[in-house]
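Data first, discussion second: the structure below is written as structure tokens.
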Amino acid sequence: ILFMVKNFLICSILIISVSGIVGCFVASGSRLSEETGIASWYGKKYHGRKTSNGEVYDMFKYTAAHQTLPFDTIVEVTNLSNGKKVKVRINDRGPFVKNRIIDLSYAAARKLKMIKSGTAKVTIRIIK
């Protein structure tokens, strides 16, 4: 019960203190490790352009944009509507659309079966 209360308090503090937070990372030891919210994807328009970390965006690789996670963080993204999962590496910043927590590459979105819908409710879990 103490663990659940601790997680609730951490989530409450994050939601109150950071304007615009849609999801909430859940504490795992001293590190925040899980977030739930809406994912979107980006593809052809940005293919070949530089990402925020300086590398060239390749829509066919498993990468993603997140507003705060460090570059090269590996996260597992789970589509909550169908259970599909994909591991992606954070190499860009975003999304910059309200109520979104992650922007996925085309390849990652395709694996999650969210191309047609454009968005999906997901859980993000830090792997490394």
Q: Give me a count of the residues in segment 86-109 that are over 12 Å from Trp41 (Cα atoms), at pLDDT 95 or above, more than 11 Å from the chain's Cα centre (by Cα) and surrounded by fewer than 20 Cβ atoms within 10 Å (Cβ to Cβ).
A: 0
Q.
Against the condition at pLDDT 95 or above, more than 15 Å from Ala120 (Cα to Cα) and not basic (Lys, Arg), how does Leu69 come out, does it pass?
A. yes
Q) Which residues, counting only those in segment 44-85, are small (Gly, Ala, Ser) and open to solvent by 70 Å² or more (accessible area, probe 1.4 Å)? A) Ser81
Q: Scan segment 28-36 and give yes if some residue there is modelled with pLDDT of 95 or more, among the aliphatic types (A, V, I, L, M) and open to solvent by 20 Å² or more (accessible area, probe 1.4 Å), otherwise no.
A: no
Q: Return the total of residues in segment 110-128 being within 21 Å of Asp58 (Cβ to Cβ) and surrounded by fewer than 16 Cβ atoms within 10 Å (Cβ to Cβ).
A: 5
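The values are calculated or read from the model by the stated rules, or taken from the named source; none is laboratory data. All values reported here derive from a predicted model rather than from experimental measurement. Counting neighbours? That spans all protein chains shown, and the Cβs are built from the backbone with ideal geometry, glycine included. Each accessible area value is taken on the protein alone, full model and side chains, heavy atoms only, with ligands, DNA and RNA left out. Shrake-Rupley method; radii C 1.70, N 1.55, O 1.52, S 1.80 Å.
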